[in-house]
Amino acid sequence: MTRALAAIACLLIPYAALAQTPDGHRPNEAMAHHQDGSALSEPGQAAFAAIQEIVEILEADPATDWSKVKIDALREHLVDMDNVTLKSIVTGEQIEDGVRFQITGRGPVQESIRRMVAAHASAMDGVDGWHFNASEISEGTELTVLPTAADRAMLRGLGFFGVMARGMHHQEHHLMLARGQAPHE
């Protein structure tokens, strides 16, 4: 009998976590659950996950103006991110106070490079004392990054992709795109 009660208790533990809190909400309310009670959280693909996250935020916000929402614009930006991260060709050269990167590609990749690098340089110029300058070249963009003297080793370690990942503005940028706002103005 004791073993049977212990087994039942073990089966009920995952469901106890779903109990309501004193304020009437359930923890992880938006999380999907498998029939055995295990939590499901991986949507299967990064761009889809980013879109899903933004849709959840928009749905939870009663002030969302659905007539302005543009999830397709967010998707296009995520395609740009994919093109730059996975399909561009990057070379770099050390310059006196930093690094000059050449980021190139053809067709849609080239256009993604131009949009992404220019926008990132604009958003990050001056942050933490680093300076960015982006200019178009024949097959993409040249990005000059000049960090503080103390951060030069960090820049070399980060390389182009680390530099592009710096700053927590990306998530807010995605939300602005989805809301139909122009994040680069």
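The values are calculated or read from the model by the stated rules, or taken from the named source; none is laboratory data. In this text the structure is predicted, and so the values were computed from the model without any measurement. Note: ideal-geometry Cβ built from the backbone for every residue, glycine included; neighbour counts use all protein chains shown.
Of note:
- Considering residues of the stretch 33-55 that are polar (S, T, N, Q) and assigned to a loop (DSSP other than H, G, I, E, B) only, the residue modelled with the highest pLDDT: Gln45
- Count of residues meeting criterion [in contact (Cβ under 8 Å) with a residue 24 or more places away in the chain and either more than 20 Å from the chain's Cα centre (by Cα) or assigned to a helix (DSSP H, G or I) (or both)] in the stretch 56-79: 13
- Matching residues in the stretch 147-168 - criterion: being under 21 Å from Ile89 (Cα atoms) and not in a loop (DSSP other than H, G, I, E, B): Leu155, Arg156, Gly157, Leu158, Gly159, Phe160, Phe161, Gly162, Val163, Met164, Ala165
- In the condition set (1) surrounded by fewer than 20 Cβ atoms within 10 Å (Cβ to Cβ); (2) over 13 Å from Glu142 (Cα atoms), Ile89 is compliant with all but (2).
- Just one of (1) modelled with pLDDT under 95; (2) assigned to a helix (DSSP H, G or I); (3) surrounded by 15 or more Cβ atoms within 10 Å (Cβ to Cβ) fails for Gln171. It is (3).
- Ile103 vs. criteria touching an Asp or Glu at 6+ places or on another chain (Cβ under 9 Å), among the β-branched types (Val, Ile, Thr) and touching a residue at least 40 places away in the same chain (Cβ under 8 Å): yes
- Gly129 being out of contact with any Ser or Thr (no Cβ under 9 Å at 6 or more places or on another chain) and at positive phi: no
- Pairs with Cβ under 8 Å, 6+ apart, first in the stretch 110-125 and free of Cβ contacts under 8 Å to residues at least 12 places away in the same chain, second surrounded by 21 or more Cβ atoms within 10 Å (Cβ to Cβ) and not in a helix (DSSP H, G or I): Asp125/Phe132
- Ser135 falls short on exactly one of the conditions (1) assigned to a strand (DSSP E or B); (2) in contact with an Asp or Glu (Cβ under 7 Å, 6 or more places away or on another chain); (3) buried (at least 17 other Cβ atoms within 10 Å of the Cβ), and that condition is (3).
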